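In what follows, a structure is listed as structure tokens, so that the remarks can point back to it.
Coordinate-derived values only; no laboratory data. Everything numeric in this text was worked out from a predicted model, so none of it was measured. Note that each Cβ is placed from the backbone with ideal geometry, even for glycine, and that neighbours are counted across all protein chains shown.
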């Protein structure tokens, strides 16, 4: 056994040392298997398949602090690296907005491009008497204690904020009165919705899809600007029910703040080409990603706006001062 | 019928070359870990977690490797109990009572092979129990709201000390310490960081895998460094095995014992918190009451070897039921397995059977396969494992240290985690010296957040009314069992402990 273990250990050590510096690198700020990891790996693979990069993109998992460890690493140690991109999503923007990466702000890095979005949904159990989003929000408005909304993120996290954005748009001024119960992931939240412990669910479309297919829950609103394509088109948007609320859990990349303009434009251009390819459309369809096509300055502006919006709501509910 | 089809799918998953090889490796390493005194199933699994991650295994293969280690360690524990009168792990303690006298009578080989068969029967029956019970429990799971989950966690902690610990106050202290450690990190119900001191690495809380490897594996190395004797467990003792098959008469005589003990052990395993030590203890005491008319128990009665071994292996299988179906571990080792599942992004609980049927059924099929491998390995090859007892720690311990460091760095690539691991190793060393059990700490760290969150969810949903915690018949039932499970050992404890610990030495700081 001694030798087997030792050989495995040496092989791993050798692999770690042997990886050279020059290849393009993508940091996934979480353990293998999550959304950020998927973003890095899928984009790396597709870029190579399309011939946009010549070497295999190296994916490094740097978990911790909800992405904060990776953010600090990039800002402090890799600030001039032109060959580095980092996977990001709405969760990154939320944490930046709420100061959950101590000492870091969104201006310290350059926001490169988005690769798609997962729109928020609000759902109820299939046997619920609530049929539309205004009905639900009306109930919350008259008696906030009567409705518990469950979601998979922490209080102040993105699932929570989506409900508040909708409540705000409906004219509920004190959004703090909305009763939100945080569960460990969307699956658990849906289970409790089915068990009748809570009355509504807020989450991403991709989380809800399986339960809609099995007939367990009913989506009463999707927080997208217009109806989504394909099989999702049956879900009404919040907007068409008169509530102007949009909540997209976008996925994309940032690069180090000291990245040269040339490298920045090249990355934005490559990911733009990737986004336009047929191959990427298939990836999006297979993974329930909806369109969100932003590169370069446009994406930088989009992230800045969403950070601003999240800061405003977070201040209202007292997460930040 | 559905169950059988799922099981067939599971066998398809498990019967690949890679998975069979992993099961073989796992059962082999597990038996070895179990045989070495001090390294029990929890440590065994903890030490091999880094290996599973370093090899880059997927969810199902990792689980197959680690549950094979788990089953293997349950088998292996008996070897040093019988040959040296030192339990290889805590659940094997009861096996000393009749196993060692048998060995002294020159029947070591019979005792080893008979206990091997008993282990097989126990594990086999428990795996069927798992198949039949877990999917039923899943249907039942919708009855569990936040309040009921909170009661279930309380039950797990209340029964943890139980009969198997040396000192219930120390168990309770360890659990509280674990719960305290769980508080570190961003609070999910308010988004406020607690006890992180502005250190971004602590925002996600302590990584349980790092804590587990530090507490179990590294502290073992520290204990060794302190003693520095470098002698193997078996040095000085004469280890002779003799014939390796039990006479048919003996097998026939002990069959009813094995069946009864398997059943009892399985039930003990299913109860959250209690675990394998309770399984072997209950089985032994029950058999003693039922069949020991001539007072031969304790003097080398084969039934006294078969009962605890069938019982503790059945409990090992039983402990997987609440872990898979509800996400609440039934024992220390399943708590470690739960941590592995979570870090593989698989959430155990009612949705597991729906979302990852390949993982669940592949795992169950692998348990069957591992069990047959173990039977084959533990009867003809038992001589090999007795030689393991002669590996001096000066060779073994550096390997443990190396695997821990390389593995943990391999998982996270963070030197901060290595420091945390060393911190936990030192803590484990101090606590072992104080004879504080380590498993409740891991359970506390692992379940603390979920337990707290469920309490707060329940109270938030009821708008601040605490009576919701006892608001359903299920919750009241769980609380009753928890209170009885905590109080009863206080009264029965002295009597039971005297018997249970009569023949054990100082190796038992790790309760399963």
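Annotations
- Descending semi-axes in whole angstrom, ellipsoid equivalent of region A:119-241, from the Cα gyration tensor: 19, 17, 14
- Label point at residue B:395 placed 7 Å out along Cα→Cβ; residues across region B:57-95 whose backbone nitrogen lies under 19 Å: B:80
- Kirkwood-type radius of chain A, with distances r between different C-alpha atoms, in Å: 20.8 Å
- Over region B:399-498, the hull volume per residue, using the convex hull of the C-alpha atoms, is 183 Å³.
- Value of D in µm² per second that Stokes-Einstein yields for chain B, Kirkwood Rh from Cα pairs, at 20 °C (1.002 mPa s): 95 µm²/s
- Taking the C-alpha atoms of region B:1-70, convex hull volume expressed per residue in Å³: 86 Å³
- Kirkwood hydrodynamic radius of the protein assembly as shown, from inverse mean 1/r over distinct Cα pairs, in Å: 28.0 Å
- Label-point gap, in nm, between residue B:192 and residue A:240 - each point 7 angstrom along Cα→Cβ: 4.3 nm
- Neighbouring partner chain Cβ atoms per residue of A:182-188, average, 10 Å criterion: 6
- In this label model, residue A:82 and residue B:140 are separated by 6.4 nm, measuring between points 7 Å along each Cα→Cβ vector.
- Rg/Rg_ref, region B:295-393, where Rg_ref = 2.2 N^0.38 Å and atoms are Cα: 1.39
- Stokes-Einstein D (µm²/s) once Rh is taken as the Kirkwood radius of region B:24-136 over alpha-carbon pairs, at 25 °C in 0.890 mPa s: 169 µm²/s
- Projected onto its three principal axes, the C-alpha set of region B:110-187 covers 53, 37, 23 Å, listed from the longest axis down.
- Spin-label model distance (nm) - residue A:132 vs residue B:465, 7 Å beyond Cα toward Cβ: 3.2 nm
- If the Kirkwood radius is taken over C-alpha pairs of region A:44-176, then at 37 °C and 0.692 mPa s the Stokes-Einstein diffusion coefficient equals 181 µm²/s.
- R0 of 30 Å, Cβ-Cβ distance residue B:435-residue B:480: FRET efficiency to nearest 0.05: 0.45
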